[in-house]
Amino acid sequence: LLSVFFLLVPLLCDKADTESATALFNQGNKYYDGGEFDQSIVEYEKIINLGIKNYQVYYNLGNAYFRQNQLGQAILSYRRALVLKPGDEDTEANLSFVKLFTLDKLEEQKINPLSNLLAWFLGLWSKDNLALQTSLFYALSVVAGIFILLRGAKRYLLFGLVCFLILFAVSGTSLWAKIKFDAVEYGVVVTPQAEVRSGPGSDYVLQFTGHEGLEFRVDEQ
């Protein structure tokens, strides 16, 4: 009985959190539709504090922050939404629109066409999707190999095995590249402005001043 109880408690907690998150999401949407954007932000943040990660919550949160003229928080929310749902057209469109209002207009680093193609391809998939595909193609390769051992090296079995192995290699390599790309940390300035100095202290030389919404790559902390 104790074992059953401990197995059921997490399921009941998850269900309760989901129901609570749904109620908070609906309430946040009502506040947003009524023009009470600060209240909608509070409701959406409550969902995130429950540990629930949903791209729609971050997308709506980005919209609410933008209506409050908090560009940094809006960009940050859209970026988090794109991590959960890469390539979402609405999120990318809103992100591009919000960035038009930022003060710092920096030219994006030019990347060769092959790197652009790779970034576009990896942006179509999440790590979970790639992991699932890799596991599936690996399992199919194993099944095809077992059939070859049991029924002989039939032409169609060999063809299937080669195809599954190629797909497994492509998916596995893409997963590895996705993990490497996602390991790079990025940030967004969410304060009105931030002084960028040559070192970690106010006595270092001021290089430039970054403003709200400026995105950057974290190389070192």
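The values are calculated or read from the model by the stated rules, or taken from the named source; none is laboratory data. These numbers come from a predicted model, not from an experiment. Glycine also receives a Cβ, built like all others from the backbone with ideal geometry; neighbour counts cover every protein chain displayed. Accessible surface is based on the protein model in full, side chains and every heavy atom, while ligands, DNA and RNA are left aside. Shrake-Rupley method; radii C 1.70, N 1.55, O 1.52, S 1.80 Å.
Lysine pairs in the chain with alpha-carbon atoms under 20 Å apart, 8 or more places apart or on different chains: how many are there?
Taking the chain as the scope, the lysine pair count is 14.
Among F25, N129, G172, whose Cα projects farthest towards the positive end of the dipole of the chain, with charges put on the beta-carbon of Lys, Arg (+1) and Asp, Glu (-1)?
Going by the charge dipole, the pick is G172.
Nearest 500 deg cm²/dmol is fine: what mean residue ellipticity at 222 nm does the chain get from its DSSP H runs of n ≥ 4 alone, each adding -39,500 (n - 2.57), divided by its residue count? Could you put the intermediate results ahead of the total?
Numbers: 8 runs with 147 residues, N = 221.
Calculated mean residue ellipticity at 222 nm is -22500 deg cm²/dmol.
Need the full-extension length gain, L132 to E220, defined as separation in residues times 0.36 nm minus the C-alpha distance. One decimal, nm. Can you show the working numbers first?
On the way: separation 88, 0.36 × 88 = 31.68 nm, distance 3.23 nm.
Working it through step by step, the gained length comes to 28.5 nm.
Quick one: grab the alpha carbon gyration tensor of the chain, order the square roots of its eigenvalues as a ≥ b ≥ c, and give me rounded if a/c is under 1.5, else prolate or oblate depending on whether a/b is larger than b/c. Working shown, then result.
Values: a/c = 2.43, a/b = 1.43, b/c = 1.70.
It comes out oblate by the Cα gyration axes.
Among Q70, A119, L214, whose Cα sits farthest toward the positive end of the charge dipole of the chain (+1 at Cβ of Lys/Arg, -1 at Cβ of Asp/Glu, about the Cα centre)?
Of the listed residues, the answer is A119.
Where nothing but the Cβ of Lys and Arg (+1) and of Asp and Glu (-1) is charged, how large is the charge dipole of the range 54-181 around its Cα centre, in debye to the nearest 20? Working shown, then result.
Values: 13 positive and 8 negative charges, 95 e Å.
Its charge dipole is roughly 460 debye.
Nothing charged except the Cβ atoms of Lys and Arg (+1) and of Asp and Glu (-1): what's the magnitude of the dipole of the range 48-116 about its Cα centre? Round to the nearest 20 debye. Before the final figure, lay out each step's value.
Working: 8 positive and 7 negative charges, 43 e Å.
For this selection, approximately 200 debye.
With a 1.4 Å probe and all protein chains kept in place, how much accessible area does K30 have, in Å² rounded to the nearest 10?
140
What is the set of long-range amide H partners of K85 at a cut-off below 5 Å, with H atoms built 1.01 Å from backbone N?
Under 5 Å from the amide H of K85: no residue qualifies.
Mind listing which trypsin sites (Lys or Arg not before Pro) in the range 31-70 are in a DSSP loop and have 16 or fewer other Cβ atoms within 10 Å? Kindly include the intermediate steps, with their values, before the conclusion.
Values: sites: K46, K53, R67; in loops: K53.
Counting only loop positions with at most 16 other Cβ atoms within 10 Å, the trypsin sites (Lys or Arg not before Pro) in the range 31-70 are K53.
Given a 1.4 angstrom probe, what's the average accessible area per residue across the chain, in square angstrom? Kindly include the intermediate steps, with their values, before the conclusion.
On the way: 15370 Å² over 221 residues.
Accessible area per residue, the chain: 70 Å².
Ignoring the sites themselves, what is the longest stretch of the chain with no GluC sites (Glu not before Pro) in a DSSP loop and at most 14 other beta-carbon atoms within 10 Å?
Numbers: sites that count: E107, E108, E220.
The answer is 109-219.
For A194, what residues show an amide H to amide H distance below 5 Å, using hydrogens built from the backbone and excluding near sequence neighbours?
G210, H211
Whenever you get a sec, compute what percent of the accessible area on the chain sits on carbon and sulfur atoms (1.4 Å probe).
On the way: 9380 of 15370 Å².
Carbon plus sulfur share of accessible area: 61 percent.
Within the set of other residues whose C-beta is less than 14 Å from the C-beta of P200, count the net charge using Lys and Arg as +1 and Asp and Glu as -1. Mind showing how you got there, number by number?
Details: positive: R197; negative: E195, D203, D219, E220.
Charge balance in the 14 Å sphere: -3.
Of all chymotrypsin sites (Phe, Trp or Tyr not before Pro) in the range 172-221, which ones are in loop regions per DSSP and have a Cβ with at most 14 other Cβ atoms within 10 Å?
Details: sites: W176, F181, Y186, Y204, F208, F216; in loops: Y204.
Filter output for the range 172-221: Y204.
Whole-Hz ³J(HN,Hα) for each residue in the range 206-213, computed from phi via Karplus 6.51 cos²θ - 1.76 cosθ + 1.60 with θ = phi - 60°, x for glycine and proline: what do you get?
So the J values, rounded to whole Hz, are 6, 7, 6, 10, x, 10, 3, x.
Where the only charges are on Cβ atoms (+1 Lys, Arg; -1 Asp, Glu), what is the dipole of the chain about its Cα centre, to the nearest 20 debye? Before the final figure, lay out the partial values.
Details: 19 positive and 24 negative charges, 258 e Å.
The calculated dipole for the chain is roughly 1240 debye.
Scan around L214 for amide H atoms under 5 Å from its own, H built in the peptide plane at 1.01 Å from N, and keep only partners 5 or more places away or cross-chain.
V189
In percent, how large is the relative contact order of the chain, given Cα pairs closer than 8 Å and 6 or more residues apart? Could you put the intermediate results ahead of the total?
Working: 236 pairs, mean separation 35.0, N = 221.
Contact order relative to length: 16 percent.
Heavy-atom accessible area of I48 with all protein chains present, probe 1.4 Å, nearest 10 Å²?
The accessible area of I48 comes to roughly 40 Å².
At what distance in nm do the modelled label points of A194 and F101 sit from each other, each positioned 7 Å from its Cα along Cα→Cβ?
It works out to 2.0 nm between the two label points.
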